[in-house]
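In what follows, a single structure is set out as C-alpha cells and then discussed.
Coordinate-derived values only; no laboratory data. Note that the structure is predicted; figures quoted are calculated from it, not measured. Reconstructed Cβ throughout: ideal geometry from the backbone, glycine too, with neighbour counts over all protein chains shown.
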Amino acid sequence: MNVRDRLTGGRAVVAARDEDSTPDTTEIRRLAEAAGYDVVGEVTQRRAEDLRYNLGEGKAGELADLVAEVDADAVVFEGALTPGQYADLLDLLPPAATLVDRYRLVLEIFAEGAGSAAARTQVRLATLRYELPRVRRTTEESVLNRATEKGSPVLDVERRIDTLEAKLDDIADAAADRRERRREEGFDLVALAGYTNAGKSTLLRRLADDLAVEPDDSNDGDDDPGGSHADLTETAPTEDRLFETLETTTRRATLGGRRALLTDTVGLVADLPHDLVRSFSATLDEIGAADAVLAVVDANADEEQLRRRLETTVEVLAADATGPVIPVVNKVDRLDDAEREAAFAVVDEVLAAGDVDTREPVAISALDGTGVDALRTTVIEALPGATATLRVPNSGEAQALVSWLHDRGDADVTYGPESIEVAFAGRPSIVAEARRRAADLRPDDGDG
Ligand SMILES: Nc1nc2c(ncn2[C@@H]2O[C@H](COP(=O)(O)OP(=O)(O)OP(=O)(O)O)[C@@H](O)[C@H]2O)c(=O)[nH]1
Ligand SMILES: [Mg+2]
C-alpha cells in the first residue's frame, strides 16, 4: 500500500476563478485528492482578478461562509495567490481553516510522498524558493539587514538554498557519471516524459524486461563493475491519481536486440512557477541525457485539456531534450476513430508550434498493449544506429562473439562451411567494438 493511501489532509473546499470562462475544477480537485484532501465543496467565479482576495470580495465572503457551513479544514485555491492575497483571504476564513494554493498543494504532495534523499532535497529546495519572496516581503527592513546583519531571515533562507543547490549538484553529478558508465557499457538511454497521469509508468511496465532489474553480466567480465545499478527498481506503481510517481525509476528493456535503460520520470503539471519545475532537476536531467524521449500523452481528454497538457510538456522538452522526441498518444482504447483523429490533430498542431525534434506520433494503449510493437520499432529507428557485416572463422570464440552480438543488437547470422557472417545493427559504439572483436578473431587481418 502506498503511504499516501493513508493520508488525510482533511476536508477541503476548492476555490477557482477564471477571467474568460467558468473555471474547470477537475484538475485542482484531483490534485487536492492526491494530497490527501477530501473535497467537500467548491466556489467558482468568472471575473477579472481582484487585487485584495483574488476572488471578488462578495465571492470571498461566500467562500468563508461555505467553509464554516461544511466545517472544512482547508481551502484549496486553484492558481497562485500573491503573499498579500494569501494573508487577506486567510483572515477572512474561520480561524481553524488553512489555505493552500496550487503551488503549495504540489509541494505538499511531494513532501508527503518523496522517499529518497535526493527527492527530499528537491522538495526542500522548491519550498525554500517558494518562501524566499514571502520572507523578503515580510522582512521590510531587508535592505538594511542585508548590509548590516548576518542573521537576517532573508540571508538565512538564501544560505539554505545555496547549501541545498550544492547538495543537489553533487547528486546530479553522481547520476551523470552513472549514465556515462552505462552508455559506455552500450546501453541506450530512453526517458518517458509527460503530463502527470498520462500513463508513463504503465508504459514502462509494458516495455521493460520482466525481472531484469539488475543487468545480466554473468558472461562477460567487462560489463559492470558492480553496484552501479543499485538505483534500478522493479516497481513503478501505476494508479489513477495525479503524481503517483514522485521519483525517477530506471528499468532494463530490450529493443530490437539492443540493451536499453528506460527511465520513468516525474509527471508535469501546468501553471507551476518555473523555479519549482527546475527544482525537479533529476527528471529534467534524465530527459536531457536520453538518446530518445517518449512524450506520453493521455489522449482521453477534451481538446482544451489535451492542448494545455501538451503545451506544458512541449515547453519542458524544448528546454531540456537533446535526443529525438517520440509523441506517444496513449489510452486510445478509450477513443473511437473520430476522437482519435481529433487527438492527433491537436498533437500535430502543438508539436508543430514547439521547438522540438519530433518523430511521427504513435497511437498506443499502454493498458492493453495496442500499438506497443509499432512504438518499439519507432524507438529503435530513432536511436543512434550503425550497421556492419562481420565475417569470422567458425570457432568456439566466434560462437561467443555471436552471443555477445545477440545481447547487444540485431544480429542476423549466416553459417557457412568454414566461416560465419553476421549482419549486425546496433549502437554505433557497440558496432565499433564488434568490428574490433571480429578483427581479433581473424588471424591475418588487422581490421574489419
Ligand atoms: N484506459 C487506459 N488507461 C490507462 C492507459 N495507460 C494508463 N492508464 C491508466 O491511467 C492511470 C495513470 O497511469 P500511470 O501509468 O500511473 O500514469 P503516469 O503517467 O505514470 O502518472 P504519474 O506517475 O502520476 O505522473 C492509471 O489508472 C492507468 O491504469 C491506457 O492505455 N488506457
Ligand atoms: Mg507514474
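Quick rundown of the values:
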| quantity | calculated |
| --- | --- |
| Calculated from backbone phi, Karplus (6.51, -1.76, 1.60) coupling profile of segment 9-23 in Hz, x at Gly/Pro | x, x, 8, 10, 9, 8, 10, 8, 9, 9, 6, 9, 8, 5, x |
| Label-point gap, in nm, between Glu341 and Ser419 - each point 7 angstrom along Cα→Cβ | 5.5 |
| For segment 188-382: rounded, prolate or oblate by the Cα gyration tensor [a/c cutoff 1.5] | prolate |
| Kirkwood-based Rg to Rh ratio, segment 313-417, C-alpha trace | 1.16 |
| Cβ-based exposure ranking for Ile380, Ile28, in which fewest neighbours within 10 Å come first | Ile380, Ile28 |
| Quarter of Cα convex hull surface for the chain, i.e. mean projection, nm² | 26.7 |
| Helix-only mean residue ellipticity at 222 nm for the chain, each DSSP H run of n ≥ 4 adding -39500 (n - 2.57), per residue, nearest 500 | -14000 deg cm²/dmol |
| Sequence-distant residues sharing a close amide H with Asp188 (under 5 Å, placed H) | Arg259, Ala260, Leu261 |
| Gaussian network model of the chain, Cα within-10 Å springs - most flexible of Ser365, Ser403, Ser279 | Ser403 |
| Using θ = phi - 60° and Karplus 6.51 cos²θ - 1.76 cosθ + 1.60, couplings along segment 369-376 (whole Hz; Gly, Pro as x) | x, 4, x, 6, 5, 4, 5, 4 |
| Average Cα contact separation per residue, the chain, under 8 Å, 6 or more apart, as relative contact order % | 11 |
| Phi to ³J(HN,Hα) by Karplus 6.51 cos²θ - 1.76 cosθ + 1.60 over segment 349-366, Hz, x for Gly, Pro | 5, 5, 5, 4, 7, x, 9, 9, 7, 10, 9, 4, x, 10, 8, 9, 10, 5 |
| Placed amide H near Val39: partners under 5 Å, 5+ positions off or other chain | Ala12 |
| Segment Glu303-Val40, extension gain: residue separation times 0.36 nm, minus the distance between their alpha carbons | 91.9 nm |
| Where labels lie 7 Å past Cα in the beta-carbon direction, separation of Asp170 and Arg334 in nm | 4.3 |
| Sites Ala318 and His406, calculated FRET efficiency, Cβ-Cβ separation with R0 56 Å, nearest 0.05 | 0.90 |
| Shape box of segment 386-440 [Cα atoms, principal axes, largest first, Å] | 29, 19, 16 |
| Per-selection Kirkwood Rh - segment 314-354 (Cα, Å, 1 d.p.) | 11.5 |
| Paramagnetic reach from Asp368 in segment 316-348 [backbone N under 19 Å; point 7 Å along Cα→Cβ] | 329-344 |
| Relative exposure of Val328, Val277, Val40, judged by other C-beta atoms within 10 Å (fewest first) | Val40, Val277, Val328 |
| Asp209/Asp240 FRET efficiency (R0 25 Å; Cβ-Cβ; nearest 0.05) | 0.45 |
| Simple label model, 7 Å out from Cα along Cβ direction - Asp20 to Ala48, nm | 1.6 |
| Amide H partners (placed H, <5 Å) of Gly267, local residues excluded | Thr245 |
